[in-house]
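One structure is given here, and the rest of the page talks about it.
The values are calculated or read from the model by the stated rules, or taken from the named source; none is laboratory data. Given the structure is predicted, the values throughout are model-derived calculations rather than measurements. For neighbour counting, all protein chains shown are included, and Cβ atoms are generated from backbone atoms with ideal geometry for every residue, glycine included.
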Amino acid sequence: MTLVQLRHLISLARTGSFSQSAAALFLTQPALSRSIRALESELGQPLFDRIGRHSELTPFGRDAVERARELVLAADDLRGSGRLAGDGQEGVLRIGMGSGPGAMLMTPLLLKMAQERPRLRVEIARAGTELLVQALRERALDALVVDARSLRPAPDLNAEFLHDMKGAFMVRRGHPLSRRRGGTSFDDLLRYPIASTPLSDEVARVLVERYGPRAHPSEFVTLRCEEIPSLIEVARRSDAVVLAVRAAAPDLVELKMQPLLAATARFGLVTLRRRTVPTGLVAVRALMAQLLVDGPT
């Protein structure tokens, strides 16, 4: 059994066609057929049922394909780790970022790499935590920077470099709520559009504890998207109230809530356990330490 045979198996499972897979693999159809037959002979079980010109996986074949994918991914990871063992000046760094850390890290990271590691190819993906974790597990990403409170604990994930950052309700300067004396109640907020990214269950719990059932994000948020910069720009140009990490919008006015909000985001660097990560990740760690901090209040 060879990795080449396993790649042939994966390709044929995907297309169901010897002719299509042979073309994609730059093989003749007889050569692909011999490879699959040899693999079936070694395993002692048929991998495909031939139905006319279509090939369907047998029950054993479905299990074999899943194991083959794991082996091929592990081999690719091992091969890539050798290329990544240098000084991090070349290669590829693929980072997934949640909405909060993305607002503060994405531009500085791209700028740092352009200035200090111009030959390193950097790819940044933005999405919700669940989709980013899925991409990490599929090896489409090397690491994530996300709100660790929205991360489901799992034995294959490693979260480090945790940074707690204060959350706040914020408005533009001159907003009617910014001129109130004696603090702002949750009822006051509800007179205006409220913008937010999708929030973790932990933050939702804090909101409900502080302000009651109406404060669940599914009830009071009227403007929701993954991009904090867009939400902040809406708050700058309208009477909308934005709920976000305080440090993401230092020019906005923080509302003094009664009672106090006292909610934080916990940003962390997430990688897969037992997987070699690119040396370029050092720059991400350094920027997290530098930028994911609360400024003076």
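Of all residues in the range 251-274, those satisfying the criterion of being within 28 Å of D156 (Cβ to Cβ) and surrounded by 17 or more Cβ atoms within 10 Å (Cβ to Cβ) are T264, A265, R266, F267, G268, L269, V270, T271, L272.
Considering the range 249-278, the residues that are under 19 Å from the mean Cα position of the chain (by Cα) and of a type in the set (G, A, S) include one that is nearest to I95 (Cα to Cα), namely G268. Being modelled with pLDDT under 95, surrounded by 21 or more Cβ atoms within 10 Å (Cβ to Cβ) and either within 24 Å of T107 (Cβ to Cβ) or not β-branched (V, I, T) (or both) is true of A248. For E56, state whether it is modelled with pLDDT of 85 or more, among the charged types (D, E, K, R), farther than 30 Å from E233 by Cα and surrounded by 12 or more Cβ atoms within 10 Å (Cβ to Cβ). It is true that E56 is modelled with pLDDT of 85 or more, among the charged types (D, E, K, R), farther than 30 Å from E233 by Cα and surrounded by 12 or more Cβ atoms within 10 Å (Cβ to Cβ).
Of the residues making up the range 194-209, those that are surrounded by 16 or more Cβ atoms within 10 Å (Cβ to Cβ) and more than 21 Å from the chain's Cα centre (by Cα) are I194, A195, V206, L207. Considering only the range 180-191, I want to know if a residue exists there that is at negative phi, in a strand (DSSP E or B) and surrounded by 13 or more Cβ atoms within 10 Å (Cβ to Cβ). Looking through the range 180-191, at least one residue is at negative phi, in a strand (DSSP E or B) and surrounded by 13 or more Cβ atoms within 10 Å (Cβ to Cβ).
For the range 158-171, the count of residues that are among the β-branched types (V, I, T), out of contact with any Lys or Arg (no Cβ under 9 Å at 6 or more places or on another chain) and at pLDDT 95 or above is at least one. Look at the range 123-142: where a residue is in contact (Cβ under 8 Å) with a residue 60 or more places away in the chain and a partner is of a type outside the set (S, T, Y) and assigned to a strand (DSSP E or B), sitting 6+ places away or on another chain with Cβ atoms under 6 Å, you get R126/M97; L136/L144; D142/R94. Number of residues in the range 200-246 that are of a type in the set (G, A, S) and in contact with a Leu (Cβ under 8 Å, 6 or more places away or on another chain) equals 4.
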